[in-house]
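Student: What follows is a structure written as structure tokens; I'll ask about it next.
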Amino acid sequence: MDERIQKYEEKMKKTISSLEAELASIRAGRANPHILDKLTVDYYGAPTPLQQVANITVPEARMIQIQPWEASLIKAIEKAILTSDLGLNPSNDGKIIRLVFPELTEERRKDLAKDVKKKGEAGKVAIRNIRRDANDAFKKLAKQADVSEDEIKDLETQIQKSTDKFIKNIDAAVEVKTKEIMTV
């Protein structure tokens, strides 16, 4: 593959990865430990990812269990969960924090599905912007004497194929997440 195309494909892959991470953090009624990926805990004055200070398990479909490696961290972890936008109330027994996921209402499911579609659209816009940047770069190349018009057309065709492929990936990811959310 042409290195001029490869640079833009890498950017598109990063966009897809970012979208997938965002979609993983949306809760769909079932307990998914990935919703805690962005949480940080004050650990000896330094914000530390929750995964680095506690063991996170899913003992039941609707529960996440967080077992800190140091009992003194329970308050800090609870505070991080309460101040996040997860909308969950932690309960603890002095050793373990439990997060129980309530059943999602039909209305909440529809709101989450809309949010997923919005994130998908934002991802598509980002992919199209990368394509536009690539095409602009190719037009600048055309002004140089050593690049033929046919070569530029080939590059534009390749970048369009990549764009179509990544947009299909976004559509598939959005569809899977929407189905997951709407499944009761």
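Student: Residues Ser17, Ser72: which one is in a helix (DSSP H, G or I) and modelled with pLDDT under 90?
Tutor: Of Ser17, Ser72, the one residue that is in a helix (DSSP H, G or I) and modelled with pLDDT under 90 is Ser72.
Student: Would you be able to say whether some residue in the stretch 67-81 is over 30 Å from Asn169 (Cβ atoms) and under 21 Å from the mean Cα position of the chain (by Cα)?
Tutor: Yes, some residue in the stretch 67-81 is over 30 Å from Asn169 (Cβ atoms) and under 21 Å from the mean Cα position of the chain (by Cα).
Student: Taking the stretch 19-52 as the region of interest, how many residues are open to solvent by less than 70 Å² (accessible area, probe 1.4 Å), closer than 20 Å to Lys114 by Cβ and out of contact with any Gly (no Cβ under 8 Å at 6 or more places or on another chain)?
Tutor: 11
Student: So Leu155 passes all but one of these: (1) in contact with a Phe, Trp or Tyr (Cβ under 6 Å, 6 or more places away or on another chain); (2) open to solvent by 60 Å² or more (accessible area, probe 1.4 Å). Which condition number does it fail?
Tutor: (2) is the only condition that Leu155 fails.
The values are calculated or read from the model by the stated rules, or taken from the named source; none is laboratory data. Please read all numbers here as calculations on a predicted model, not as lab measurements. For neighbour counting, all protein chains shown are included, and Cβ atoms are generated from backbone atoms with ideal geometry for every residue, glycine included. Just the protein is used for accessible areas: all its heavy atoms, side chains included, with ligands, DNA and RNA removed. Shrake-Rupley method; radii C 1.70, N 1.55, O 1.52, S 1.80 Å.
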